[in-house]
Amino acid sequence: MKIQIALVMMLALLANTGCQSTNVSSQGGIAPINEAFSITVPKAMTVKQGTNTAITVALNRGDYFKQDVELDLTTSGIVITPNSVLVKASDKPDVQCQIAVARDAAIGDYRVTVTGTPTKGTATSTVFIVSVAAQ
(Lines give C-alpha, C1' and ligand atoms only; values in the text may rest on other atoms or scores of the structure.)
Protein backbone atom coordinates (compact mmCIF):
# COMPACT_ATOMS: atom_id res chain seq x y z
CA MET A 1 0.00 0.00 0.00
CA LYS A 2 2.87 2.40 0.80
CA ILE A 3 4.32 1.83 -2.68
CA GLN A 4 0.98 2.64 -4.32
CA ILE A 5 0.65 5.86 -2.33
CA ALA A 6 4.23 6.84 -3.23
CA LEU A 7 3.55 6.15 -6.94
CA VAL A 8 0.36 8.20 -6.90
CA MET A 9 2.17 11.11 -5.22
CA MET A 10 5.03 10.93 -7.73
CA LEU A 11 2.60 10.90 -10.66
CA ALA A 12 0.72 13.86 -9.20
CA LEU A 13 3.99 15.77 -8.76
CA LEU A 14 5.12 14.99 -12.31
CA ALA A 15 1.75 15.94 -13.77
CA ASN A 16 1.71 19.20 -11.81
CA THR A 17 5.22 20.33 -12.75
CA GLY A 18 5.13 19.02 -16.32
CA CYS A 19 2.00 20.89 -17.38
CA GLN A 20 3.34 24.41 -17.18
CA SER A 21 6.45 25.89 -18.73
CA THR A 22 8.77 27.59 -16.31
CA ASN A 23 11.57 30.07 -16.51
CA VAL A 24 13.93 31.77 -14.07
CA SER A 25 11.99 34.57 -12.39
CA SER A 26 13.26 38.15 -12.36
CA GLN A 27 12.67 38.00 -8.61
CA GLY A 28 14.65 34.78 -8.15
CA GLY A 29 13.60 31.14 -8.25
CA ILE A 30 11.37 29.52 -10.81
CA ALA A 31 8.24 31.20 -12.17
CA PRO A 32 5.77 30.58 -14.97
CA ILE A 33 7.16 31.59 -18.37
CA ASN A 34 4.49 34.22 -18.96
CA GLU A 35 6.02 36.57 -16.38
CA ALA A 36 6.71 39.03 -19.16
CA PHE A 37 5.20 42.02 -20.93
CA SER A 38 5.11 43.56 -24.38
CA ILE A 39 4.03 46.90 -25.82
CA THR A 40 1.49 47.46 -28.59
CA VAL A 41 1.74 50.70 -30.56
CA PRO A 42 -0.20 52.06 -33.55
CA LYS A 43 0.72 50.86 -36.99
CA ALA A 44 2.30 53.49 -39.22
CA MET A 45 0.06 56.54 -39.26
CA THR A 46 -0.26 59.83 -41.13
CA VAL A 47 -0.80 63.18 -39.41
CA LYS A 48 -1.25 66.48 -41.25
CA GLN A 49 0.82 69.55 -40.43
CA GLY A 50 -0.76 71.75 -37.75
CA THR A 51 -2.95 68.98 -36.28
CA ASN A 52 -3.11 66.76 -33.20
CA THR A 53 -3.98 63.06 -33.13
CA ALA A 54 -4.77 60.77 -30.21
CA ILE A 55 -3.03 57.40 -29.96
CA THR A 56 -3.21 54.45 -27.59
CA VAL A 57 -0.15 52.61 -26.32
CA ALA A 58 -1.04 49.31 -24.68
CA LEU A 59 0.94 47.37 -22.12
CA ASN A 60 0.33 43.63 -22.57
CA ARG A 61 1.04 41.79 -19.34
CA GLY A 62 1.70 38.07 -19.03
CA ASP A 63 -0.55 36.27 -16.56
CA TYR A 64 2.11 36.41 -13.85
CA PHE A 65 3.60 39.84 -14.60
CA LYS A 66 2.63 42.06 -11.64
CA GLN A 67 5.05 45.00 -11.82
CA ASP A 68 4.85 48.72 -12.47
CA VAL A 69 6.23 49.75 -15.88
CA GLU A 70 7.61 53.15 -16.89
CA LEU A 71 6.71 53.91 -20.53
CA ASP A 72 8.94 56.46 -22.28
CA LEU A 73 8.05 57.80 -25.74
CA THR A 74 10.90 59.47 -27.60
CA THR A 75 11.03 61.22 -30.95
CA SER A 76 12.22 64.46 -32.52
CA GLY A 77 10.49 66.90 -34.84
CA ILE A 78 7.00 66.17 -33.47
CA VAL A 79 5.62 66.34 -29.93
CA ILE A 80 4.09 63.48 -27.92
CA THR A 81 2.35 64.17 -24.61
CA PRO A 82 2.73 62.72 -22.15
CA ASN A 83 6.15 61.43 -23.13
CA SER A 84 6.60 59.43 -19.93
CA VAL A 85 3.95 57.48 -17.99
CA LEU A 86 4.16 55.16 -15.00
CA VAL A 87 1.69 52.30 -15.50
CA LYS A 88 1.14 50.73 -12.10
CA ALA A 89 0.51 47.01 -11.77
CA SER A 90 -3.10 47.78 -10.76
CA ASP A 91 -3.73 50.30 -13.60
CA LYS A 92 -5.54 49.66 -16.86
CA PRO A 93 -3.01 48.75 -19.56
CA ASP A 94 -4.00 51.41 -22.13
CA VAL A 95 -2.24 54.78 -22.13
CA GLN A 96 -3.70 57.67 -24.13
CA CYS A 97 -1.24 60.09 -25.73
CA GLN A 98 -1.44 63.02 -28.15
CA ILE A 99 0.78 63.56 -31.16
CA ALA A 100 1.10 67.23 -32.09
CA VAL A 101 2.55 68.27 -35.43
CA ALA A 102 3.52 71.93 -35.90
CA ARG A 103 2.25 73.81 -38.97
CA ASP A 104 5.82 74.22 -40.17
CA ALA A 105 6.96 70.64 -39.43
CA ALA A 106 8.92 69.08 -42.27
CA ILE A 107 6.95 66.62 -44.39
CA GLY A 108 8.29 63.11 -43.97
CA ASP A 109 8.54 60.17 -41.61
CA TYR A 110 9.26 60.46 -37.89
CA ARG A 111 10.34 57.48 -35.81
CA VAL A 112 8.74 57.11 -32.36
CA THR A 113 10.39 54.73 -29.90
CA VAL A 114 8.39 53.42 -26.95
CA THR A 115 10.43 51.83 -24.16
CA GLY A 116 8.89 50.00 -21.23
CA THR A 117 11.05 49.58 -18.14
CA PRO A 118 9.69 47.33 -15.38
CA THR A 119 10.47 47.79 -11.69
CA LYS A 120 12.70 44.69 -11.93
CA GLY A 121 13.91 42.93 -15.02
CA THR A 122 14.70 43.86 -18.59
CA ALA A 123 13.26 46.79 -20.54
CA THR A 124 11.64 46.26 -23.92
CA SER A 125 11.19 48.68 -26.83
CA THR A 126 9.15 49.00 -29.97
CA VAL A 127 8.96 51.58 -32.76
CA PHE A 128 6.25 53.08 -34.92
CA ILE A 129 6.38 55.62 -37.74
CA VAL A 130 4.42 58.87 -37.96
CA SER A 131 4.26 60.28 -41.48
CA VAL A 132 3.72 64.03 -41.59
CA ALA A 133 1.69 65.18 -44.61
CA ALA A 134 0.89 68.62 -46.00
CA GLN A 135 -2.25 70.35 -44.75
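From SER131, SER125, grab the single residue that is closer than 23 Å to ALA36 by Cα, at pLDDT 95 or above and out of contact with any Pro (no Cβ under 8 Å at 6 or more places or on another chain).
Details: SER131 fails: closer than 23 Å to ALA36 by Cα.
Of SER131, SER125, the one residue that is closer than 23 Å to ALA36 by Cα, at pLDDT 95 or above and out of contact with any Pro (no Cβ under 8 Å at 6 or more places or on another chain) is SER125.
Suppose we filter segment 57-85 for residues that are open to solvent by 60 Å² or more (accessible area, probe 1.4 Å) and within 26 Å of ALA105 (Cβ to Cβ); how many remain?
5
Working carefully through the options LYS120, LYS48, find the one that is open to solvent by 60 Å² or more (accessible area, probe 1.4 Å) and modelled with pLDDT under 95.
Going through LYS120, LYS48 in turn, just one is open to solvent by 60 Å² or more (accessible area, probe 1.4 Å) and modelled with pLDDT under 95: LYS120.
Here are the criteria: (1) modelled with pLDDT under 95; (2) closer than 19 Å to ILE129 by Cβ; (3) open to solvent by less than 70 Å² (accessible area, probe 1.4 Å). Tell me which single one PHE37 does not satisfy.
(2)
Look through segment 86-105, keep the residues that are surrounded by 17 or more Cβ atoms within 10 Å (Cβ to Cβ) and touching a Leu at 6+ places or on another chain (Cβ under 8 Å), and return whichever of them is nearest to THR40 (Cα to Cα).
The residue in question is VAL95.
Here's a check for you: in segment 60-74, which residue that is out of contact with any Asp or Glu (no Cβ under 8 Å at 6 or more places or on another chain) and among the hydrophobic types (A, V, I, L, M, F, W, C) is farthest from VAL130 (Cα to Cα)?
Checking each candidate, the answer is VAL69.
The values are calculated or read from the model by the stated rules, or taken from the named source; none is laboratory data. Computed from a prediction, not measured in an experiment: that's the story for all the values here. Cβ sites come from the backbone with ideal geometry, for glycine too, and all protein chains shown count toward neighbours. Heads up: the accessible areas ignore ligands, DNA and RNA and are worked out on the full protein's heavy atoms, side chains in. Shrake-Rupley method; radii C 1.70, N 1.55, O 1.52, S 1.80 Å.
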